[in-house]
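Heads up, the thing below is written out as structure tokens.
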């Protein structure tokens, strides 16, 4: 009678965009946190731990499909469940 729900392992690369091949729906059922260069960020759209980068939206700029333009920032990345 264990009601403990196991959380899936966080992937090396994860995207918040459902159209991306790196989007994993099971992970988004739980609350995720991202630390970038030692500080927690709340605006991360995509990350890759092994390559050391995050993608964040650039203000109000949109691409031709209406998706926000993303800027890649390099540094140390840590992903965790809250």
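Defining a contact as two alpha carbons under 8 Å apart and six or more residues distant in sequence, what relative contact order in percent does the chain show? Could the numbers behind the result be given before it?
Numbers: 129 pairs, mean separation 23.8, N = 82.
Contact order relative to length: 29 percent.
Give the label of the value calculated from the structure for volume of the Cα convex hull per residue in Å³, choosing from [x] 160; [y] 72; [z] 110.
Here volume of the Cα convex hull per residue in Å³ agrees with entry [z].
Here, each number is a calculation from the coordinates, and none is a lab measurement. Fair warning: this is a prediction, and the values are worked out from it, not measured in the lab.
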